[in-house]
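Just so you know, all these numbers are worked out from the coordinates, no wet-lab data involved. These numbers come from a predicted model, not from an experiment. Counting neighbours? That spans all protein chains shown, and the Cβs are built from the backbone with ideal geometry, glycine included.
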Amino acid sequence: MQAEVLYFIRRDSSDLTYLLYPDQWDLNRLNGALDLSMLHHYDHDHGEGLLKLELRTSAVGSASAYSQLRFTAVNSTDLGPLQLRTRGSGNMEPVPRRAKALVPRRCITRGH
């Protein structure tokens with residue numbers, strides 16, 4: 001298991017220039033993120049695989065509230081002289097409370 005806490009503060013409006021969602025940031029407000037991840041390696045009869053679970057959520061004292069959960073599975077299977085490699089992933093990312101007021105309802109849902 002791995003854990004990381006990061007805090008950011010945007011002091012100048014030029015800091016918002018290259019952000020994907022600049023309207024979700026406030027100047028001179030503390031924004032923090034807590035990242036947790038877990039890895040599990042496994043072997044099976046004809047290969048191996050890796051499972052990864054990642055959680056990112058707002059940290060204590062953060063000006064914004066958000067969360068994201070991501071799951072990834074990577075598998076490698078030997079089929080005689082061939083090797084089959086597969087990858088699957090899922091992502092749960094609710095729209096931040098602040099963004100709901102800014103975005104029309106029909107734009108909130110995203111298909112992956």
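The modelled label-to-label distance for the pair Ala65/Arg87, using points 7 Å beyond Cα in the direction of Cβ, is 3.5 nm. The H on the amide N of Tyr66, modeled in the peptide plane, is under 5 Å from the matching H of Ser58, each at least 5 residues off or on a different chain. Computed from phi, the 3J(HN,Hα) profile of segment 49-63 under the Karplus parametrisation 6.51, -1.76, 1.60 (θ = phi - 60°) reads x, 9, 10, 9, 10, 10, 10, 10, 9, 5, 8, 4, x, 6, 6 Hz, with x in place of Gly and Pro.
Excluding Thr72 itself, calculate the net charge of residues whose Cβ lies under 9 Å from the Cβ of Thr72, where each Lys or Arg counts +1 and each Asp or Glu counts -1.
Counting the neighbours of Thr72, the net charge comes to +2.
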